[in-house]
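A.B. asks: Take a look at this one; I'll ask things after.
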Amino acid sequence: MNPELIATVRRFNRTVTQRVGALDDQYMSRDRPLAQARLLWEIGPDGAEVAALRARLGLDSGYLSRLLRTLEGDGLVRVGPADPAGGDGRVRVATLTAAGRSEWAELDERSDDLARSILDPLSDRRRERLVAAMAEVERLLVGSMVVVEPCPPADPRARASVRAYAREIAQRFDDGFDPALSKPVRDEELVPPAGVFLLATLNGEPVGCGAVKLHAGAPAEIKRVWVSDGVRGLGVGRRLLDRLERYAAERGWTAVRLDTNRNLTEAIAMYRAAGYREIAPYNDEPYAHHWFEKRLTP
């Protein structure tokens with residue numbers, strides 16, 4: 001990677017941490033550093049499950065526990081079972097005390113003040129440029145936070161992704177979508193060595209998926225490529241496609257193919273841009289209108 005790109009990112013990180021006060025032990029002139037203030041904010045007036053906080057903030061269990069104990073010791077937070085009446089005691093929830101809600105409201109107001117202090121010195125045109133640039137940086141950073149990795153197709157997160165995929169195509173296909181009429185994709189076809197199922201997650205939550213079946217004596221076949229609306233346009237679909245192609249190529253396959261519906265215009269554009277060429281139908285999938293193939297370099 002270009003060293004200048006690395007240097008620019010590092011310089012940006014230094015500027016931002018200094019400007020927002022991340023280095024201050026008393027963030028926004030309160031009695032706690034940024035990490036504690038951010039955790040308090042994420043808990044919020046409605047409370048939050050500890051596991052969800054860990055995933056959302058990308059914290060390991062030990063560090064999160066220490067932060068929560070500090071906030072508990074300050075009388076701002078309570079941590080206990082989600083169902084004190086006898087539910088699953090492993091599910092723990094953090095909630096704000098009355099003092100915690102007051103502190104949360106103060107942080108909310110001071111956060112607005114900090115944002116104003118960043119914008120006030122600038123002209124209207126430069127404010128608009130800065131805010132637009134921030135929005136773009138945020139989207140790109142979110143894209144870089146998406147994790148793509150193999151996942152058993154029976155995993156609940158994989159199941160949820162496939163259900164989301166089915167709901168979306170049912171809304172977009174001309175006559176809806178009935179899984180019973182489509183050519184089946186069985187779990188055993190999506191586990192090594194027969195194939196693989198890839199899951200894309202953001203803060204631990206599924207935001208995309210894709211699979212490839214490795215047919216003996218025939219091209220590999222890509223199935224169930226889906227990306228949620230929340231991360232669409234961030235290159236997640238292309239990442240999934242690239243990873244699936246690489247998986248097949250590394251195992252000796254020299255071609256990969258897929259079928260798709262004419263209403264999935266974004267997917268068709270992505271396949272064409274990725275080097276797929278349209279071919280004659282290779283299956284009798286009732287929902288397919290286009291069939292594509294791409295040559296791979298093992």
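A.B. asks: Return the residue satisfying two criteria in turn: it lies in the range 166-200 and is modelled with pLDDT of 95 or more and touching a strand residue (DSSP E or B) at 6+ places or on another chain (Cβ under 6 Å), and of such residues it is most open to solvent (accessible area, probe 1.4 Å).
C.D. replies: Among them, the one singled out is Glu189.
A.B. asks: Counting only residues that are of a type in the set (D, E, K, R) and open to solvent by 50 Å² or more (accessible area, probe 1.4 Å), which one in the range 258-275 is nearest to Trp226 (Cα to Cα)?
C.D. replies: Checked the range 258-275; the qualifying residue nearest to Trp226 (Cα to Cα) is Glu266.
A.B. asks: Next question. If only one of Glu128, Glu205 is not assigned by the TED database to the domain that holds Gly252 and not aliphatic (A, V, I, L, M), which one is it?
C.D. replies: Within the list Glu128, Glu205, the selection yields Glu128.
A.B. asks: How many of the residues making up the range 16-42 are assigned to a helix (DSSP H, G or I), in contact (Cβ under 8 Å) with a residue 60 or more places away in the chain and either in contact with a Cys (Cβ under 9 Å, 6 or more places away or on another chain) or on the phi < 0 side of the Ramachandran plot (or both)?
C.D. replies: 4
A.B. asks: Now, a different point. Quick check on the range 239-265: of everything there that is out of contact with any strand residue (DSSP E or B) (no Cβ under 9 Å at 6 or more places or on another chain) and part of a helix (DSSP H, G or I), which residue is farthest from Arg163 (Cα to Cα)?
C.D. replies: Filtering first and then ranking leaves Glu250.
A.B. asks: Hey, can you tell me all the residues within the range 20-54 that are closer than 18 Å to Gly80 by Cα, charged (D, E, K, R) and surrounded by 16 or more Cβ atoms within 10 Å (Cβ to Cβ)?
C.D. replies: The answer is Arg54, and nothing else.
A.B. asks: Next up: Out of all the residues in the range 240-257, which are small (Gly, Ala, Ser) and surrounded by 13 or more Cβ atoms within 10 Å (Cβ to Cβ)?
C.D. replies: Residues satisfying the conditions are Ala248, Ala249, Ala255.
A.B. asks: Is the range 76-88 home to any residue that is within 19 Å of Gly21 (Cα to Cα), open to solvent by 40 Å² or more (accessible area, probe 1.4 Å) and acidic (Asp, Glu)?
C.D. replies: There is no residue in the range 76-88 that is within 19 Å of Gly21 (Cα to Cα), open to solvent by 40 Å² or more (accessible area, probe 1.4 Å) and acidic (Asp, Glu).
A.B. asks: Follow-up question, since we're still on this one. Condition first: of a type outside the set (A, V, I, L, M, F, W, C) and touching a strand residue (DSSP E or B) at 6+ places or on another chain (Cβ under 6 Å). Now tell me which residues in the range 146-165 satisfy that.
C.D. replies: Within the range 146-165, Pro150, Pro153, Arg157, Ser161, Tyr165 meet the criteria.
A.B. asks: Find the residue count for the range 55-73, including only residues that are open to solvent by less than 80 Å² (accessible area, probe 1.4 Å) and of a type outside the set (A, V, I, L, M, F, W, C).
C.D. replies: Qualifying residue count for the region: 7.
The values are calculated or read from the model by the stated rules, or taken from the named source; none is laboratory data. Bear in mind the structure is a predicted one, so any value in this text is a computation, not a measurement. As a convention, Cβ positions derive from the backbone with ideal geometry for all residues, glycine included, and neighbour counts pool all protein chains shown. Heads up: the accessible areas ignore ligands, DNA and RNA and are worked out on the full protein's heavy atoms, side chains in. Shrake-Rupley method; radii C 1.70, N 1.55, O 1.52, S 1.80 Å.
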